[in-house]
1. Using the Cα centre as the reference, give the magnitude of the dipole from point charges on the C-beta atoms of region 72-143 (Lys, Arg: +1; Asp, Glu: -1; all else neutral), rounded to the nearest 20 debye.
2. From the residues Leu45, Gly114, Gly61, which one has its Cα farthest along the dipole of region 25-118 in the positive direction, the dipole being from +1 and -1 charges on Cβ of Lys/Arg and Asp/Glu about the Cα centre?
3. Tell me which GluC sites (Glu not before Pro) from region 1-88 have a DSSP coil assignment and no more than 16 other beta carbons within 10 Å of their own.
4. Can you list the GluC sites (Glu not before Pro) in region 64-155 that are in a DSSP coil and have 12 or fewer other beta carbons within 10 angstrom?
5. What lysines could a cross-link reach from Lys29, if we take a straight Cα to Cα line under 26 Å and drop same-chain neighbours fewer than 8 places away?
6. Checking the cross-link filter: which lysines have an alpha carbon closer than 21 Å to that of Lys164, excluding same-chain neighbours under 8 positions apart?
7. Which loop trypsin sites (Lys or Arg not before Pro) in region 1-92, with loop taken from DSSP, have no more than 15 other Cβ atoms within 10 angstrom of their Cβ?
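What follows draws every value from the coordinates through simple rules; no lab data is involved. A quick note: this is a predicted structure, and the numbers were derived from the prediction, not measured. Don't worry about glycine lacking a Cβ; one is built from the backbone with ideal geometry, like all the others, and counts go over all protein chains shown.
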Amino acid sequence: MSTESLWCEDCGKSLQGECELHGPLIRVKDRIIPSRARLTLPHYLTLRILEIRAGNNQVLGVFAKKAIQKRTLFGPYVGSLSTEPAQCTDGKPIFQVMKYGKKYFVNTANEEIGNWMMFVRPARNKQEQTLVAHQYQGEVFFTSVKPIDPHTELKVWYAADYLKFMEISSVAIKEEADVCVSPPPFTGF
């Protein structure tokens, strides 16, 4: 029996390709299931494709579907913990937490492990910042810093204390897809 053959129940044998006597099989494909990260998106938020890069890689943003009040708490940010910084991708923010008396990086490269917060992009300045990242009880949370109108993208920046905890003087992001650098100083504090 070849692994390249198809079974024809009507003929009762394996054939190379489709059965010439009884015709092709009707193929049914599995339904595509969204990743864990996409399934955790709250009902009043939506993901939008902002750009499609080489290899059909999508740059996504998280947008409000309805108004969100100032001081709304989101989280915790979910990912796997590592003592090594994660591979930087697409200028995503890097987060650290203190757990078990030790600092860990929160790796969110895998949509099956992370949650929707991995899609929130960093703010480039105070005007576009809608969220602030901070640590609470060994987890990273985002809190809205102003009212967020519908159709507005949620963008995050680090709280001043959190930057100190992470021992980052400034964090910079370049627009190129595969480049990780320390973020340009956030303007506005």
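1. Numbers: 7 positive and 6 negative charges, 59 e Å.
For region 72-143, the charge dipole is close to 280 debye.
2. Checking the options against the dipole of region 25-118, the answer is Leu45.
3. Loop-located and lightly packed - Glu4, Glu9, Glu18, Glu20.
4. Working: sites: Glu111, Glu112, Glu128, Glu139, Glu153; in loops: Glu111, Glu112, Glu128.
Loop-located and lightly packed - Glu112.
5. Within the straight-line limit of under 26 Å, Lys29 reaches these lysines: Lys13.
6. Cross-link targets: Lys92, Lys99, Lys102, Lys103, Lys126, Lys155.
7. Arg27, Lys29, Arg31, Lys65, Lys66, Lys70, Arg71
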